[in-house]
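Notes to accompany the following structure.
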Amino acid sequence: LMKVWFRVDASSEMGIGHLMRCLALAQLLDEVGIEVCFYVKDETRAIALSRHDWVGKIQVVPDSLTYAQEIDWIASQCGFDEVSVFVLDGYQFSAEYREILKNALSKKARLVLFDDTNNSGQLFADVVINSADNADLLNYKQTAPDALLCLGTDYRVLRREFSILPQHTFSRRNSLSIMMGGSDVNNLSIQILKGL
């Protein structure tokens, strides 16, 4: 059985975008019978479990650990020998973290990195995913020379709620979705809703 582990976080300060794109990938993997597990901080766990469409197990990473200790702790939970793919998503994971993680994984495991800006040093990834329009201009050949590069809009992942839509005629639809991102740092949501 193929196993894919995710290390990602979300919070009121950082937003939930990283978690949501990992969830989208996890939903696709879950549909084809691949086991997924998320390693997250406690606040992220609460956000994940508040969703009606959550898939995958959740392991809470203790807040007291340094990033180097965190990798050892994750390995101790199930052993890196069992994981096929390890997906990392978040600006807090430095080049040092990525290098330690890559070296800790078994030789058969692949490190997949969701990235947005390619501005954090060497990536140490086997696969880099950046679905931005300009991703091919970000010089990933310098920071991930041996990686499979999944760049551009063809690599956008969508959660089930956006990819599996009910087939209703326009006159029978009873809802409207307004996308404002994963956080509302300027507290505009309520104002916009009142305006509508």
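Please indicate, with yes or no, whether at least one residue in the stretch 46-60 is at positive phi and not in a helix (DSSP H, G or I).
Kept after step one, since they are at positive phi, are these residues of the stretch 46-60: 56.
After this cut, where a residue has to be not in a helix (DSSP H, G or I) as well, the list is 56.
Among the residues of the stretch 46-60, at least one is at positive phi and not in a helix (DSSP H, G or I), which makes the answer yes.
Among the listed residues 8, 40, identify the single one that is at pLDDT 95 or above and touching a Ser or Thr at 6+ places or on another chain (Cβ under 8 Å).
Being at pLDDT 95 or above and touching a Ser or Thr at 6+ places or on another chain (Cβ under 8 Å) holds for just one of 8, 40, which is 8.
What single numbered condition from (1) of a type in the set (Ser, Thr, Tyr); (2) in contact (Cβ under 8 Å) with a residue 60 or more places away in the chain; (3) touching a helix residue (DSSP H, G or I) at 6+ places or on another chain (Cβ under 7 Å) fails to hold for residue 84?
Result: residue 84 passes all but (3).
Whether any residue in the stretch 93-109 is surrounded by fewer than 18 Cβ atoms within 10 Å (Cβ to Cβ), at pLDDT 95 or above and touching a Ser or Thr at 6+ places or on another chain (Cβ under 7 Å) is what I want to check.
Looking for residues that are surrounded by fewer than 18 Cβ atoms within 10 Å (Cβ to Cβ), at pLDDT 95 or above and touching a Ser or Thr at 6+ places or on another chain (Cβ under 7 Å), one finds at least one in the stretch 93-109, hence yes.
Rundown of residues vs (1) among the aliphatic types (A, V, I, L, M); (2) out of contact with any helix residue (DSSP H, G or I) (no Cβ under 7 Å at 6 or more places or on another chain), yes/no style:
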| position | (1), (2) |
| --- | --- |
| 76 | no, yes |
| 79 | no, yes |
| 102 | no, yes |
| 106 | no, no |
| 132 | yes, yes |
| 141 | no, yes |
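Within the stretch 72-119, count every residue that is under 17 Å from the mean Cα position of the chain (by Cα) and either in a loop (DSSP other than H, G, I, E, B) or over 25 Å from residue 151 (Cβ atoms) (or both).
Total meeting the criteria: 12.
The values are calculated or read from the model by the stated rules, or taken from the named source; none is laboratory data. Note that the coordinates shown come from a computational prediction; the quantities given were computed from them, not determined experimentally. Here the Cβ is made from the backbone with ideal geometry for all residues, glycine too, and neighbour counts use every protein chain on show.
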